[in-house]
Every structure is written in structure tokens, then in C-alpha cells.
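See structure below.
The values are calculated or read from the model by the stated rules, or taken from the named source; none is laboratory data. Here the structure is a predicted model, which means the values were calculated and not measured. Note: ideal-geometry Cβ built from the backbone for every residue, glycine included; neighbour counts use all protein chains shown.
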Amino acid sequence: MIRTRFAPSPTGDLHVGGARSALFCWAFARHEAGRFLLRIEDTDQKRSSAAAGLGFLEALDWLGIDWDEGPEHGTSGGGNTGPYFQSQRLEIYQAQMQRLIDAGVAYRAFETPEELAQARAGARQRKEAYRYDRAALSLDADTVQQYLDEGRPHVIRFKVPDEPVVVVDAVLGEVRIEAGELEDFVIRKADGFPTYHFAVVVDDQSMGVTHVLRGQEHLANTPKHVLLQQALGYDTPVYAHVSLIFNPDGSKMSKRDKDKALRAAVRERGLDAPPAGCGIDTDAWSSWLSDKTTQLGHEQAEALAGVLDIELPEINVSDFRRAGYLPEVLLNYLALLGWSPGDDREQFDKAFLVEHFSLDRIVKSPAKFDRAKLKAFNLDAIQAMDADAFTTRLRAFAQQFEGAFLEAMTPEQFETFAGANHERCKTLTDPFDQGRFFVMADDEITWPDVKGLRKALCKGDPTGYERLEAIRPMLEGLSDWSAASLESAIGDWAKSNCEGNLGRIAQPLRVAVSGGTVSPPIFDTLEILGQAAVLRRIERCLAHQLNTATS
Ligand code: GLU
């Protein structure tokens, strides 16, 4: 039976590249009626965090990628090849490690990190490629024993055979590594944990994994894995390495892109100290600015983006979720990053993917992540929903991220709000981002002195202000405050007061109640706000009066 696995290291949120690997493994297993496993590679004690592990599970859940075996999380759960956290499999690795030691193909090496760094620097100076010199191999047994008795920290290295190694990849074909290119790599770290290379090989074998689908950044690791499989007498699974994912500007899409965007904005504005309220101290600020490999924490990055008023690029699945993309759309788009159904079709659902997924349609060429296209897919999917389905999705989104809207609106008002936004929203955040004024207190609305507002309020004869003044008594006297009644009353009013040009009163009203020039259709907007709020906002807008002299 086909068995695939997704094996994230829980070092952060699930990013687009990881999600794409998971999706391909899942789709292939489902297509082949096989099993899809989830294994958490948490052997890097420094970098793993339990919370991140859970974030992964939540992101997969949201995308609708379910696993047959792995950490239990509301799916069919526990298979029979667990545990599925590598940190709980140390004994298994130890036994396999011992086999290699007994066979003389793994050995202890006692060099300190400083000694190794020095050797590396020396090689660099001589302009040579550094490779471990196997000095530990010439230690005699007594010395090794003495070091062990002293409790000297040491690693275990694998003795790489002196022959070429060939990786057969289902996408890329044969990749050949010549003898002597690989050094004796470490398979157990000084802290007693296996390295990624060793654990992954042991786990893939003991979990019966038949196919390894993963990103091309791992291709350089695969020869090591094949050598270990041969030394341990394991089968080699089928490998398929999927293209890297690039930004439209040609740079590799990376979790560091957010920091890149922030650094660029900081430089552009010439900020030389961390803005208050971002939780970044001066030292951290200067090292972050000067070292491109450093990243701000999630909260710090968000806070700084808020201060700089920029949008951070979405990289993690949770970013796309928060930005109002639909999971089925993201899943569709991820599938296209390195796979194609073979015809022109680009939009499809999960069932289609499962039915058609095959390794021979994985493409070699680099995948480009085009947010505009993703957004267009999202718009299409939103528009294809009927009104009820859209309201339900929008309400669920509000429950998760925009609770204030549910508190401020009755269920009927929320339905009107959803309906008023359905036509034009590209993401589920659009209605909320553009509709903050709905949940602001009446007294919080402000009217910035910008062209669009001046045009609506100060221009013309009569001006917008004067029209607002004139329509106010009519609105005050209106007994039925539904959108339909507002439409007919304001329409009639416009006929007699604006030569029938509704826009001349609609735009001043929009500006008065929202503080901006964009809102859902005006009658829906007024209905949702309610009569008292509309009158109060008009009154405040009139009292505020933009400076007409600057118009
Ligand atoms: N833990 C590795 C990662 O997150 C998995 C690589 C693999 O699939 O073998 O990149």
C-alpha cells in the first residue's frame, strides 16, 4: 500500500511551501487509496516549540488536509507505527544507531565546535571545500574509552562509503553524487538526539513510507538518506522533489519576506530607533536591521507593520486565513504550485485533485506565487456562492476575527451587511476593513482633510454640507428606516432637491456617516447604522466643517 508522510519541524507556523508538500503527499495517498501520515520532527531542541506544533495541525485542519496516522487531532488518528513525535522515538533511533556502530560504519568524534570552526576557517583561507578529516577514526579504542569515561561531549558520524551515490527522483530523474563529495556527516548530535538525516531515514522505514514528496530544498539531503538506507539494509522509498516557490520578483519565497518588507519600509522612512509600542529594544533593533537572517517575533512584526502602515506579505497558512482567503481556494492554488492537471484547467476542488493527482504531472519548472491570481480565484469563489452561503462564511469569519461586528449588529443587520458586500469583496476581510466605521462609536468618526472628502462636502452649489443640512429634517422624520424606504425617500428628495441626481446627496451622506468615500451601497449602509447613529454622525460632520478655503 502507498504510504506518504508530511514531516514538519515545528519551528514556526506552517508556511506555503510546507503546506504544498503536505497537500501533494495527501493528494497522492488519497488518489492511490493509500495512507497519509503526519510526523512531527521535533528533535531540534533549540528550535522546536510545542505551540508551533499545534499551529501546524490547525493549519492542516483548516485546509481540509486530514491524516490517517499521526498526532491525534479530530481525525481517524493513531495508527500503529507511532509515536509520531520524533522526540518520543529516541530508543528506536538508539537501537538503529548501535547497529551502525557495531558494523563499524558509524563512529564517535570528539572535536569541539570551536575546533571544527577553526578547521573550517582554515579551509576557507586555503580556498578549499571543507570536509571533516576523519581524525576521530584514528583514535584507538582505549582513547575513545577514556574520553567516554571522562564524559567528553561527542557526536556520532556516519562513515560515507568511497563510491558514487545515485538518487533516482520521480520528477528530476537521476541525480549522481561522485565519490568523495560528501563528508562523514553527523548522525547523532552532542545532546544525544539524532540529526534530521538519521531520524528521517529510520522513521520512513519503520513507518513503512513508500513515497517521499518534498520540496527541492531537500534534494541535497537525499544522497545522505540513500547511503544510510543502504547501510541499514532498508528499502529506498520513491523520491519526488517538488520545485521551489518564488515571488513574482524572482526572489525565493521565504518566511523572511515579512522582515524584508519591514526593513525596506524602515529604511525608506529613515527610522533610526524602534518605534514605541512595538516591543523591540534598541539592541535588538540594530541587530535586526543589520542582519538579514534575523526575524522579529510575530507580535513585534505585526506591531511594526501597524506603525509603518504597511501590509506584510502573507507567507503562513494562518496569514492567508487571517487575510480572508477561503481554504478551498488556497488549497486549489497550492496544488498549482508545481502540479498541473494536464489541460488548461486551473480552478478545481479537492475531489478533482484527488481524482487526477499523479507524480508524472508534477512539473520541474520553478513555481511562482502570484497573489493577484490567488485573489482573483478567491473573488471567483466568493461570487459563486449564494447569499446564504456567503453570509454563513462571513459570520464564521467574524466569529473568529471580527467579533465587534457581531456585537454591533443584529443578525438581520449582519445579513444586510453581508449582502451589501458580497458583490465586491475579494477576501473575507474586505467587508470588515472597509467597514470599520460600522463598529466605531458615532463620536469616533473623523473627517480627514483629503481631496475626496472636500469634493463631497465643500464643492458645488449648494455644497454637500448644505445638502446634508437640508436633508436632515426629512431623515429625522422618517418612520420606516429600512433600505427600501430610505431608497424611496432619499430618491424622492433628490428629485426635488438635486435635479434627480442621487449621487449629489448619496456621497455627502456616505462621507458624513463613514468618514471616507467608500462604503457598501448607501441605503444598506444607512439601514445597518440605524437612524440615531446616522443623524448623530451628520450632526457631527456638520459641526466639524472642513476648511473650505483649502478646497
Ligand atoms: N522536517 C523536515 C522539514 O520540515 C522534513 C523534510 C522531509 O520531508 O524529509 O523540512
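Assorted remarks:
- The listed residue being more than 16 Å from the ligand (Cβ to nearest atom), in a loop (DSSP other than H, G, I, E, B) and crowded, with 20+ Cβ neighbours inside 10 Å, out of 209, 160: 160
- Put simply, of 137, 182 the only residue that is in contact with a Pro (Cβ under 7 Å, 6 or more places away or on another chain) and closer than 23 Å to residue 122 by Cα is 182.
- Taken over the stretch 349-376, the criterion of being in contact with a Leu (Cβ under 9 Å, 6 or more places away or on another chain) and of a type in the set (A, V, I, L, M, F, W, C) is satisfied by 353, 359, 362, 367, 369, 374.
- Residue match in the stretch 28-38 (condition: of a type in the set (A, V, I, L, M), modelled with pLDDT of 90 or more, within 19 Å of residue 358 (Cβ to Cβ) and within 14 Å of the ligand (Cβ to nearest atom)): no
- Any hit, the stretch 500-511, residues being surrounded by fewer than 19 Cβ atoms within 10 Å (Cβ to Cβ), more than 45 Å from the chain's Cα centre (by Cα) and either modelled with pLDDT of 95 or more or on the phi < 0 side of the Ramachandran plot (or both): yes
- Checking 168, 226 one by one, the residue that is more than 11 Å from the ligand (Cβ to nearest atom), crowded, with 18+ Cβ neighbours inside 10 Å and either hydroxyl-bearing (Ser, Thr, Tyr) or in contact (Cβ under 8 Å) with a residue 60 or more places away in the chain (or both) is 226 and no other.
- Flag if residue 188 is more than 16 Å from the ligand (Cβ to nearest atom), crowded, with 16+ Cβ neighbours inside 10 Å and closer than 30 Å to residue 155 by Cβ: yes
- Residue within the stretch 142-156 that is under 23 Å from residue 204 (Cα atoms), within 41 Å of the chain's Cα centre (by Cα) and of a type in the set (A, V, I, L, M, F, W, C) present: yes
- Test: residue 22 is closer than 18 Å to residue 200 by Cα, within 16 Å of the ligand (Cβ to nearest atom) and at pLDDT 95 or above: yes
To keep it simple, each residue is scored yes or no on (1) farther than 17 Å from residue 328 by Cβ; (2) free of Cβ contacts under 8 Å to residues at least 24 places away in the same chain; (3) acidic (Asp, Glu).
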| position | (1), (2), (3) |
| --- | --- |
| 372 | yes, yes, no |
| 391 | yes, no, no |
| 401 | yes, no, no |
| 406 | yes, yes, no |
| 410 | yes, yes, no |
| 413 | yes, no, no |
| 417 | yes, no, no |
| 423 | yes, no, yes |
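- Selection over the stretch 49-70 of residues that are under 20 Å from residue 201 (Cα atoms) and at pLDDT below 85 gives a count of 0.
- A residue that is closer than 13 Å to residue 185 by Cα and touching a strand residue (DSSP E or B) at 6+ places or on another chain (Cβ under 7 Å) can be found somewhere in the stretch 159-173.
- Residue match in the stretch 187-197 (condition: under 11 Å from residue 239 (Cα atoms) and of a type outside the set (Gly, Ala, Ser)): no
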